[in-house]
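Written out below as structure tokens is the structure these notes cover.
The values are calculated or read from the model by the stated rules, or taken from the named source; none is laboratory data. For clarity, every value in this text was computed on a predicted model and none was experimentally measured. Positions of Cβ are generated from backbone atoms using ideal geometry, with glycine treated the same way; all protein chains shown enter the neighbour counts.
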Amino acid sequence: MDEDLRFVFLRFGTTIQCVKEKSFYLKIPAGLHFENAVCGHGWYDLPPFSFDSEARKLRYTFAIDGKKAATWTISPSKERLRIIAPAEMGRGVVENAVRRMLRLDEGFQEFYELTAGDPSLAWAAGLGAGRLLRSATVFEDLIKTICTTNCSWSLTRKMVANLTDALGAECISGNRAFPTAEAMAARSPDFYRNEIRAGYRSDYLAEVAEGVASGMIDPESWLVSDLPTPELKKELLKVKGIGTYAAEHLLKLLGRYDGLALDSWLRARFAEKHNRGRPAPDAKIARHYKKFGKWQGLAIWCDMTADWFSEKS
DNA sequence: GCGTCCAGGTCTACC
DNA sequence: GGTAGACCTGGACGC
């Protein structure tokens, strides 16, 4: 049976509540490695995601209609993914989000054929590398990307956690969803500066949220855009707070890997691995991955994170 | 505990 | 088009 319903009793603080849950299954695409798909980059470490590596469970909290939140759980079960979600959430909503987050409908065969002949990347296909986890909405990925710019990962985590705690819809378990554009647009730059600790990014967060809430910016349209990647990149660069790195990072999340999204960490890793520890000009890094064509952004990411996979395998 | 320095990516003003 | 400086935070370090 593909779908089942059950009632579970959960303790929340001092109270016990009965929750109606349903579970259903999705076929795992050939080559998908669950842990590698989840941990392929840092998103799994940011709320409203949480990952229990021992239990092999990815949890995500999502706001229904922007108000009421619910948490769902994804875990591998033989050749399938098992998804458990509150019954009140329509299966279509959850399934579409899970497909998007884990890129279940995205093909990587061409990338793996290219990497098969490269000594540094021949391992990628066998470990299902390259599936960069993404959020349920492009808006969430956009805001998180701004929070990764010009700061340490610990500060990114802090900003995203503060945003979720302060503005995200709460579900009965206490988990919170990522805030909607409307919720964020209702707050001033001072709020982001003083409460979220976003520093100079505060103006960008307020402006982007306002733009999305008012319809001036439509991040979801980027996902299905027919624009060539350079043109789409120009669109992304129009958003305040999005520069070259952030635009190319977002493009990767949108499934376009033409750009390298070079940041200081990638440059340092490249220097260490391919340039005898000396800083390499961006042009040299670009030449190194040029042969991967439209997949070069994924090629550099897999190359630079290869030891993450060897540690987990 | 306090002060100083540094890393990090983007924006703006200027050349 | 290219470049310098400002933006702001947390962490590292020295005192």
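Observations, loosely collected:
- Among the residues of region A:245-276, those identified as assigned to a loop (DSSP other than H, G, I, E, B) and not small (Gly, Ala, Ser) are A:Leu254, A:Arg256, A:Tyr257, A:Asp258, A:Leu260, A:Leu262, A:Asp263, A:Asn275, A:Arg276.
- Within region A:88-114, the set of residues being among the charged types (D, E, K, R) and not in a helix (DSSP H, G or I) comprises A:Glu88, A:Arg103, A:Asp105, A:Glu106.
- In region A:116-147, of all residues being in contact with an Asp or Glu (Cβ under 8 Å, 6 or more places away or on another chain) and of a type in the set (S, T, N, Q), the one that is nearest to DNA strand B (Cβ to nearest atom) corresponds to A:Ser135.
- Restricting A:Lys273, A:Lys240 to those that are modelled with pLDDT of 90 or more and under 26 Å from A:Glu110 (Cβ atoms) reduces the list to A:Lys273.
- Residues of region A:224-262 classified as within 14 Å of DNA strand B (Cβ to nearest atom) and either in contact with a His (Cβ under 6 Å, 6 or more places away or on another chain) or free of Cβ contacts under 8 Å to residues at least 40 places away in the same chain (or both), total: 12
- Qualifying residue in region A:143-156 (condition: farther than 15 Å from A:Gly255 by Cβ, in a loop (DSSP other than H, G, I, E, B) and not assigned by TED's automatic domain parsing to the domain that holds A:Glu210): no
- Breaking point among (1) in contact with an Asp or Glu (Cβ under 7 Å, 6 or more places away or on another chain); (2) at pLDDT below 95, for A:Thr156: (1)
- Checking each residue in region A:176-199 for being within 16 Å of DNA strand B (Cβ to nearest atom), crowded, with 18+ Cβ neighbours inside 10 Å and assigned to a helix (DSSP H, G or I) picks out only A:Tyr192.
- Reported count of residues in region A:197-224, each being under 20 Å from the mean Cα position of the chain (by Cα) and within 17 Å of A:Gly168 (Cβ to Cβ), is 5.
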